[in-house]
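Engineer: Below: one structure in structure tokens.
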Amino acid sequence: MATMTAEKKIERANVRMMGHKATLAYSSILMIGSTTIDDNFPTACTNGRDKIYGRGFVDSLSDAQINGLILHEAKHVMYQHGYIWKHLSKENAQLANMAMDYVINLEIQDLHKENPSFIELPEGALLDEQYRGMDTQEVFNKLKQQGKGKGEGGEEGFDVHDFNSLTDEQKKDLSGQIEQAIRQGALMAGKMGGDTDRSFGALMEPKVNWKEQLREFVSATVSGKDDSTWRRPNRRWLQHDMYMPSTISETMGNLVVVIDTSGSIDEELASSFLSEVKGICDNVSPEQIHLLCCDAEVQSHELFSREDYGSLLNKRKFKGGGGTDMRVALDYVHQKQLNPELILVLTDGITPYPTELRSPTLWGIVGTQINSPVGTTIHIR
């Protein structure tokens with residue numbers, strides 16, 4: 001009887017996992033990207049979409065270990081490790097890879113305990129109970145405190161991560177595919193009696209009200225100032241025909257609003273965002289609002305004073321449509337010495353991020369679970 005090829009082993013493992021209740025929910029995730037068998041590759045590799053398996057490595061594994069290997073790579077894809085934690089990879093790639101693996105492998109080990117003959121981690125998997133309950137950032141910080149990740153070798157785990165090979169445009173497309181695959185997999189598992197582990201629930205749970213988050217962030221940024229000012233009358237007393245000073249916490253300096261106009265933010269959403277900004281302005285009354293439209297360049301810069309906040313709502317055309325780099329807008333704010341007290345950015349999140357900020361910045365990220373490594377992030381649906 002002919003020996004089964006590595007290609008056939010991977011193919012059959014995918015079919016097994018799509019039919020087993022423990023991994024049925026991953027069916028759509030498993031179908032994302034390409035799968036290649038490489039005669040010369042030592043173990044396995046993913047770029048966050050595509051997978052490469054070394055022929056000799058696959059041949060050395062049991063069926064249960066092949067299942068564990070495939071699920072490991074699928075979780076890298078599902079969690080969008082190639083983008084969400086790229087700031088960690090820039091700081092220390094080995095440490096970031098280790099942290100991602102420790103989180104994933106604990107989840108797979110839990111499945112192994114429930115299904116010992118079906119799924120198992122390959123030898124060399126990074127597995128340690130001390131990291132249970134932590135996310136990748138927390139594990140990264142712990143490893144750093146422990147002095148790990150100094151390139152000594154021996155702690156890389158059984159796979160390689162090549163997260164820099166996809167373009168920003170590819171990552172943006174991939175993010176949509178992943179989100180759809182997560183929902184399809186959960187739906188399929190529900191209909192066919194499969195299990196949906198907690199990771200799916202966390203990725204699918206409804207987002208909190210972004211409008212409330214936006215208001216709370218602005219209020220928190222300008223709070224704590226209790227001096228009085230006569231520059232603007234207190235609205236609570238005007239209704240009684242009394243001209244009283246407002247507290248400075250009811251006012252703020254310049255506000256900068258940046259709209260990503262690379263093509264991923266539609267006019268309806270941008271208008272909704274500006275409507276919320278206008279509502280905020282009615283409460284904290286910025287000195288001025290600078291509205292920037294930016295893709296890979298700042299395409300427009302409009303200035304609104306207190307007297308014409310209302311005209312924000314008439315803004316319906318947003319110049320742009322090219323690539324995406326929100327750092328350009330933040331550099332522009334500094335170069336033009338706009339001196340904002342606060343910056344609000346509306347973007348799809350597929351953009352390079354700065355390493356530091358000069359002003360409090362809130363990122364309103366649309367349609368993905370990407371988090372900015374600096375500033376505050378809210379997710380907008």
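Engineer: For segment 326-355 and segment 253-303, what is the separation of their C-alpha centers, rounded to whole Å?
Structural biologist: Centre-to-centre (Cα) distance: 12 Å.
Engineer: Sort Lys278, Lys336 so that the residue with the fewest other Cβ atoms within 10 Å of its own Cβ comes first and the one with the most comes last.
Structural biologist: Lys336, Lys278
Engineer: Could you calculate the FRET efficiency of Asp282 with Glu91 from 1/(1 + (r/R0)^6), where r is the beta carbon distance between them and R0 is 35 Å, rounded to 0.05?
Structural biologist: In this case the efficiency is close to 0.25.
Engineer: For the peptides 32-41, 49-58, what is the packing order when you average, over each peptide's residues, the other Cβ atoms within 10 Å and list the highest mean first?
Structural biologist: Highest-to-lowest ranking by the protection proxy: 49-58, 32-41.
Engineer: Oh, and also: Among the trypsin sites (Lys or Arg not before Pro) within segment 79-148, which fall in a DSSP loop and have no more than 13 other Cβ atoms within 10 Å of their own Cβ?
Structural biologist: Sites meeting the loop and neighbour criteria: Arg132.
Engineer: Using DSSP to call loops (not H, G, I, E or B), can you name the GluC sites (Glu not before Pro) in segment 100-134 whose Cβ has at most 13 other Cβ atoms within 10 angstrom?
Structural biologist: Glu123
Engineer: Now, a different point. Label points 7 Å out from Cα along the Cβ direction at Ser305 and Glu123: separation in nm?
Structural biologist: Placing both labels 7 Å beyond Cα along the Cβ direction yields 7.7 nm.
Engineer: Where Lys and Arg each count +1 and Asp and Glu each count -1, what net charge lies around Leu255 among other residues with Cβ under 9 Å from its Cβ?
Structural biologist: -2
Engineer: For Glu356 paired with Asn40, estimate the spin-label separation in nm (one decimal), with each label point 7 Å from Cα along the Cα-to-Cβ line.
Structural biologist: If labels sit at Glu356 and Asn40, their model points lie 4.3 nm apart.
Engineer: With viscosity set to 1.002 mPa s at 20 °C, what whole-number translational diffusion coefficient in µm²/s follows for segment 6-203 from Stokes-Einstein and a Kirkwood radius over Cα pairs?
Structural biologist: My calculation gives 127 µm²/s for D.
Engineer: Another question about this same structure. Report, largest value first, the span of the C-alpha coordinates of segment 288-359 along each principal axis, in whole Å.
Structural biologist: For segment 288-359, the Cα spread along each principal axis is 35, 26, 18 Å.
Engineer: How about Lys319: which lysines have a C-alpha closer than 22 Å to its C-alpha, ignoring those fewer than 8 places off in the same chain?
Structural biologist: Lys172, Lys278, Lys336
Engineer: Please say if segment 2-91 is rounded, prolate or oblate, where rounded means a/c under 1.5 for a ≥ b ≥ c the square roots of the C-alpha gyration tensor eigenvalues, and otherwise the choice is prolate for a/b larger than b/c and oblate otherwise?
Structural biologist: Oblate, because a/c is 1.5 or more while a/b does not exceed b/c.
Bear in mind these aren't lab numbers, they're just calculated from the coordinates by the rules spelled out. It should be emphasised that the depicted structure is a prediction, and the values quoted were computed from it without experimental measurement. FYI the Cβ positions are ideal-geometry reconstructions off the backbone, even for glycines, and counts take in every protein chain you see.
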